[in-house]
Amino acid sequence: MAHMAITVGFDLDMTLIDSRPGIRACYQALSERTGTYIDADLAVTRLGPPLAEELINWFPADEVATVADVYREIYPSIAIAATPALPGAREAIAAVREAGGRAIVVTAKYEPNAKLHLAHLGIEPDAVIGDLWAEQKAEALHEHDAGVYVGDHVGDVRGARTAGALSVAVATGPCPAEELRAAGADVVLTDLTEFPGWLSDYRPARA
């Protein structure tokens with residue numbers, strides 16, 4: 001493939017990392033600390049949206065912000081070591097670099113914790129932008145001139161489309177391939193192990 005100066009954005013949870021074990025453990029610890037029941041197994045089946053959207057299912061609205069602070073505080077000691085990279089994650093980032101491009105991570109996760117995950121796993125993107133969900137992700141994609149955005153959730157598809165970027169979806173998260181296609185994904189891959197092969201054949205319209 002000819003080298004091309006393309007920027008590719010990646011989501012984090014369930015795209016680059018399998019965050020279910022760490023988040024499950026974190027919700028269990030939060031439940032113990034607050035004395036409030038949280039179905040951690042259920043919570044990890046719907047990862048993607050911001051933390052507050054999950055906490056509102058278990059806590060009164062006026063407590064969510066405070067509880068979210070507790071969650072983020074305990075998260076590094078509980079969730080980072082428990083979270084593996086998903087198959088193909090490192091190779092996907094490497095493929096972008098080998099193509100002469102930049103790889104950035106744009107995630108709804110609290111940015112300091114997103115950076116801890118990537119550092120722990122030895123994954124080094126060119127930039128990490130946190131605290132953005134769905135259409136909000138277009139802000140960072142525009143800022144970094146990303147032509148492609150890779151994610152596992154229909155919210156990621158919406159973010160890519162809002163930014164005018166090509167939406168590449170991976171069926172490794174809560175949304176099945178059919179749902180991702182129906183949301184408007186341009187490309188649907190089984191997982192990131194298929195990404196380098198796809199990228200090697202990709203010719204951006206503006207190249």
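Quick notes on this structure:
- Pairwise Cα distances in the chain exceed 25 Å in 34 percent of cases.
- Per principal axis, descending, Cα span of segment 62-106 in whole Å: 47, 22, 13
- When only alpha carbons of segment 130-207 are considered, Rg and Dmax amount to 11.8, 33 Å.
- Value of [θ]222 nm, deg cm²/dmol, for the chain, DSSP H segments ≥ 4, -39500 (n - 2.57) each, nearest 500: -12500 deg cm²/dmol
- Axis of helix 64-79 versus longest Cα principal axis of the chain: the two differ by about 70°, to the nearest ten degrees.
- Per residue, the solvent-accessible area of segment 1-119 (1.4 Å probe, heavy atoms of protein chains only, all protein chains present) comes to 43 Å².
- Folded to 0 to 90 degrees: helix 89-98 orientation relative to the chain principal axis, Cα: 30 degrees
- Sorted from greatest to least, the principal axis extents spanned by the alpha carbons of segment 11-109 come out as 50, 23, 22 Å.
- As a fraction of the 1.4 Å probe accessible area of the chain, surface on carbon and sulfur atoms comes out at 50 percent.
The values are calculated or read from the model by the stated rules, or taken from the named source; none is laboratory data. Computed from a prediction, not measured in an experiment: that's the story for all the values here. When the accessible area is computed, the model is the full protein with side chains, heavy atoms only, and any ligands, DNA or RNA have been set aside. Shrake-Rupley method; radii C 1.70, N 1.55, O 1.52, S 1.80 Å.
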